[in-house]
């Protein structure tokens, strides 16, 4: 039984302190990296986590073009896109997608791990991905996040 004096705490926008984290994706496994980043973006690693409030932190990912995957996924995993016209379903494998758009691969993976609603779109805006090893967010003084 719950006593009359205890209440569930719900975080408010004003109470949330946001940090900036830097992740080097070089030679990291795509799935393991994505789950860790999704958890930080969502704020699940904080004590004040509230499911209906965006209480996560900003994440900067560098070296996205050097992501690794296990097994034969590099050739077997396909990304589909459709123009809307009959017979225009196009597919691209992971190897070609990493060569063309390495940022898309990581963003697509993380996007599947966060809520598919307005809150999820808001959370995804805090993710900054760069194919190379430089980024324009030095003034935010990001902390290195070990994955």
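Things worth noting here:
- Global size of region 12-147: 16.1, 51 Å for Rg and Dmax (C-alpha atoms, Rg to one decimal, Dmax whole).
- Based on the Stokes-Einstein relation at 20 °C and a viscosity of 1.002 mPa s, and on the Kirkwood radius from alpha carbon pairs, region 1-53 is assigned a translational diffusion coefficient of 156 µm²/s.
- Estimated FRET transfer efficiency (residue 134, residue 9; beta-carbon r; R0 35 Å; 0.05): 0.30
- Contact order for the chain, expressed relative to its length and based on alpha carbon pairs under 8 Å spaced 6+ residues apart, stands at 32 percent.
- Percent antiparallel among DSSP beta bridges (both partners in the chain, rounded to 5): 30 percent
- Debye-sum result for region 36-92 in log10 I(q)/I(0), which assumes one identical scatterer on each alpha carbon, at q = 0.14, 0.29 Å⁻¹: -0.72, -1.09
- Spin-label model, residue 121 to residue 74: label points 7 Å out along the Cα-to-beta-carbon direction sit 3.7 nm apart.
- Helix 30-42 axis versus longest C-alpha principal axis of the chain: approximately 30°, rounded to the nearest ten.
- Nearest-0.05 FRET efficiency for residue 92 and residue 35, computed from C-beta distance (R0 22 Å): 0.40
Every number in this text was worked out from the coordinates using simple rules, so none of it is lab data. Note that the structure is a prediction, hence the values are computed from the model and not measured. Positions of Cβ are backbone-derived with ideal geometry, glycine not excepted, and every protein chain shown enters the neighbour counts.
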